[in-house]
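The values are calculated or read from the model by the stated rules, or taken from the named source; none is laboratory data. Owing to the predicted nature of the structure, the values given are computational and were not obtained by experimental measurement. Here the Cβ is made from the backbone with ideal geometry for all residues, glycine too, and neighbour counts use every protein chain on show. Keep in mind that these areas ignore ligands, DNA and RNA; they rest on the heavy atoms of the full protein, side chains included. Shrake-Rupley method; radii C 1.70, N 1.55, O 1.52, S 1.80 Å.
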Amino acid sequence: MRELVFATNNTHKTEEVKQLLAGQYQVLNLKDIGCDTDIPETGNTFAENARLKTSFVETHYQMDCFADDSGLEVEALNNAPGIYSARYAGQRGDRENLELVLKNMEGITNRKARFKTVVSLVQQNQHYFFEGVINGTLREKASGAEGFGYDPIFVPDGYDITFAEMSMAQKNEISHRAQAMRKLISFLKSATL
Ligand code: ITT
């Protein structure tokens, strides 16, 4: 099976993407290629940060790879936490980040939010980008034990359960990351025809 390097340290993202590519590609993350660097994400957009991750692997490992930069945008918070989603409460910590969003949303009736992903692919020195977005609303309390990050407070439009109350397979049918990954997969398929 062909190998694909996914430039991430996030084990939840790795599992989601492994499930999406099961039977088609073997996914190796940063740990699998012997990289334990927390690649600096100093860009101003999801696309810039995704590209910083793929460029790092391209420069230091001379390998083709893809990376995902993603986050939650809350309309009433001027699209925060956005690119700062992983460290919204000051440092890494899913529970602290989620609690801070809930606190900042106290008393606010506009609960609209969306998850966004930009996937960057570097292949033979060329860079490509693929995007995915899912709209939804924020609960007032966390609910569910699946997934990661802000999943326990995010209810996708058309559903009445949070991402954290869905199985990984259910989340992968609709999520921002799955949408971007499906675009990447069809690009890779067309490129190898
Ligand atoms: P890598 O950079 O190593 O891939 P990371 O966790 O730092 O891992 P990001 O920089 O893309 O990843 O930050 C994404 C953050 O946004 C993540 O830590 C979560 O807090 C949130 N997030 C992204 N996708 C999510 C999802 O599907 N469900 C819940 N939260 C998500």
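Which residue pairs have Cβ atoms closer than 9 Å, lie 6 or more positions apart in sequence or on different chains, and pair a first residue in region 150-169 that is aromatic (Phe, Trp, Tyr) with a second residue that is at pLDDT below 95 and assigned to a helix (DSSP H, G or I)?
Tyr150/Asp94
Which is in contact (Cβ under 8 Å) with a residue 60 or more places away in the chain, touching a Pro at 6+ places or on another chain (Cβ under 7 Å) and outside any loop (DSSP other than H, G, I, E, B), of Leu98, Leu72, Leu4, Leu20?
Just one listed residue meets the conditions, Leu72.
Mind listing just one residue for me: the one in region 43-68 that is under 17 Å from the mean Cα position of the chain (by Cα) and of a type in the set (Ser, Thr, Tyr) and, of those, nearest to Phe115 (Cα to Cα)?
Only one residue tops the list, namely Thr45.
What are the residues in region 119-157 that are open to solvent by 10 Å² or more (accessible area, probe 1.4 Å), touching a Phe, Trp or Tyr at 6+ places or on another chain (Cβ under 6 Å) and not in a loop (DSSP other than H, G, I, E, B), if any?
Selection gives Ile134 alone.
Table: residues versus (1) farther than 26 Å from Thr45 by Cβ; (2) among the aliphatic types (A, V, I, L, M); (3) at pLDDT 95 or above.
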residue	(1), (2), (3)
Gly90	no, no, no
Arg111	no, no, yes
Val133	no, yes, yes
Thr137	no, no, yes
Asp160	yes, no, yes
Glu165	yes, no, yes
Ala169	yes, yes, yes
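Mind telling me which of the residues Gly23, Gly82, Gly43 ends up being loosely packed, with under 15 Cβ neighbours inside 10 Å and either more than 8 Å from the ligand (Cβ to nearest atom) or over 22 Å from Lys183 (Cα atoms) (or both)?
The unique qualifying residue is Gly23.
What number of residues in region 167-193 are open to solvent by 10 Å² or more (accessible area, probe 1.4 Å) and either part of a helix (DSSP H, G or I) or charged (D, E, K, R) (or both)?
Counting residues in region 167-193 that are open to solvent by 10 Å² or more (accessible area, probe 1.4 Å) and either part of a helix (DSSP H, G or I) or charged (D, E, K, R) (or both) gives 14.
Out of (1) farther than 15 Å from Val119 by Cβ; (2) in contact with a Phe, Trp or Tyr (Cβ under 9 Å, 6 or more places away or on another chain); (3) in a strand (DSSP E or B), the odd one out for Val27 is which?
(1)
Among Ala164, Ala113, which is closer than 14 Å to Gly71 by Cβ, in contact with a strand residue (DSSP E or B) (Cβ under 9 Å, 6 or more places away or on another chain) and not in a loop (DSSP other than H, G, I, E, B)?
Matching residue, one of Ala164, Ala113: Ala113.
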